[in-house]
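Notes follow once the structure below has been shown.
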Amino acid sequence: MTTGAEKQTLIPDDAFERGAPEGTLGAEEELWLADPATMKLAGGAQEILAKAPEGHLSGELIDCEIEANTGVHADAEGVYSDLIGRRRYLLSEAGRLGRELGVSGTHPVGDWREQEIIDKPHYQRLKERLGWLIRRNNTFALHVHYAVNGPEKAIYMFDRLREYVPHLLALSVNSPFWQGENTDMQSSRVLIFSRSMHRGGLPEPMGSWSRYKDYVDYVHRSGAIDKLAEIWWDVRPQPALGTIEMRASDAQADPRRTAALVSLTAALCDAVSAEYEAGERRPVLPAREIEENKWSAQRYGLEGTFIDAASHESVPTRKVLESWFRLLEASTERDLSGAARLLDEPTEADRQLEVWRETGSAVEVARDAARRTRAAVEEES
């Protein structure tokens with residue numbers, strides 16, 4: 001038996017020093033499978049994964065959920081192209097199995113009690129350790145990776161990027177329904193996942209690479225975690241990949257919205273990276289202050305208010321985001337035209353609620369999400 005003192009560190013010696021081109025991007029999006037007749041969640045992911053191209057897809061907790069993984073790209077268009085290719089493959093495989101493929105932050109009518117945890121040691125271990133909490137985690141997110149060179153820089157970026165979790169969440173809300181019920185939340189995914197899972201949600205600032213390493217050592221040597229993937233923060237360092245991973249967003253049915261969120265995240269990371277390189281370090285906000293804005297984003301999406309860190313006054317969320325966009329546009333060479341449109345069109349949570357008001361049916365909300373998931377790929381054919 002291996003004792004805590006004998007365990008190998010989870011952090012490689014050359015973390016964030018492997019020479020990956022800084023600012024390159026990748027993404028992961030989580031999608032669901034459903035029965036076409038009932039639109040309830042239905043298994044099939046493990047069967048699809050058994051035949052899928054290596055590295056393109058991965059299992060994600062339950063057999064009705066599958067994760068699409070992109071390659072590494074210089075810009076959001078490359079990420080978008082990969083995601084479209086993965087979706088095209090998944091639509092074909094879902095059809096072969098008699099399944100619908102869809103995307104939303106939570107499934108509008110899926111019952112977590114009917115889902116099967118996939119036969120993978122990592123997830124079976126979580127099932128044993130976390131029980132009911134992990135079994136009810138039927139959530140679907142978008143994760144964006146940004147390559148960083150230098151461990152101290154990575155931690156500075158981690159600390160600063162926490163402040164913008166509410167911004168990205170407000171733009172991406174896409175989960176007002178849970179178990180067939182209108183939750184009054186624009187993102188019930190946040191409630192189900194990051195607010196119920198320990199080592200989830202908004203992390204505390206670390207301040208230094210050594211403090212981050214000490215924390216990982218603390219949870220690993222104690223036996224609390226076996227791999228870094230068991231830290232589920234809204235923002236997290238990925239030492240083995242050399243990236244900072246932004247995990248704030250609900251998954252989007254429209255992949256163009258996904259590309260816009262990737263581009264926006266990249267521009268934000270570019271700006272924080274430039275702060276570090278110029279020696280212009282900005283204050284790092286405490287979690288308790290960021291949480292106020294995260295709650296507003298979770299509850300109201302774009303229609304709430306954010307608290308200004310300097311004045312402590314409440315400002316309409318849209319106004320905050322408009323100002324933020326202008327600052328990023330003035331300092332980036334990234335294409336933010338798609339990101340700007342995110343403020344001009346309804347969120348995907350708004351779309352779900354519109355369908356629900358028209359039909360009175362959460363089943364039809366799920367059917368619409370699947371229809372839009374398919375249509376977006378067909379438009380690219």
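Report those strands (runs of 3 or more DSSP E) wholly inside the range 1-107 carrying at least 1 residues which are closer than 29 Å to His220 by Cβ. Strands (runs of 3 or more DSSP E) meeting the threshold: 25-34, 57-59, 65-69.
Residues in the range 324-342 that are farther than 19 Å from Gly105 by Cα and not in a helix (DSSP H, G or I): Thr332, Glu333, Arg334, Asp335, Leu336. A single member of Ala274, Ala240 is surrounded by fewer than 16 Cβ atoms within 10 Å (Cβ to Cβ), more than 16 Å from the chain's Cα centre (by Cα), of a type in the set (Gly, Ala, Ser) and part of a loop (DSSP other than H, G, I, E, B), and it is Ala240. Taken together, the criteria place Glu313 among residues that are modelled with pLDDT of 95 or more, farther than 26 Å from Trp233 by Cα and exposed (fewer than 13 other Cβ atoms within 10 Å of the Cβ).
A residue that is under 27 Å from Arg288 (Cβ atoms), touching a strand residue (DSSP E or B) at 6+ places or on another chain (Cβ under 6 Å) and part of a loop (DSSP other than H, G, I, E, B) cannot be found anywhere in the range 126-146.
Candidates in the range 316-349 are the residues that are more than 14 Å from Leu171 (Cα to Cα) and among the basic types (Lys, Arg); of these, the one that is surrounded by the most Cβ atoms within 10 Å (Cβ to Cβ) is Arg334. The residue that is modelled with the lowest pLDDT, among those in the range 96-133 that are buried (at least 18 other Cβ atoms within 10 Å of the Cβ), within 20 Å of Ala42 (Cβ to Cβ) and of a type in the set (A, V, I, L, M), is Ile118. Looking at the range 151-226, the helices (runs of 4 or more DSSP H) lying wholly inside it that each contain 1 or more residues that are among the charged types (D, E, K, R) and in contact (Cβ under 8 Å) with a residue 12 or more places away in the chain sit at 151-161, 188-192, 209-221.
Looking at the structure I just gave you, is Asp75 more than 17 Å from the chain's Cα centre (by Cα) and farther than 24 Å from Ser249 by Cβ?
Values: more than 17 Å from the chain's Cα centre (by Cα): yes; farther than 24 Å from Ser249 by Cβ: no.
Criteria not met by Asp75.
The values are calculated or read from the model by the stated rules, or taken from the named source; none is laboratory data. Every value quoted in this text rests on a predicted model; they were computed, and no experiment measured them. Using ideal geometry, Cβ is built from the backbone for each residue, glycine included, and neighbour counts are taken over all protein chains shown.
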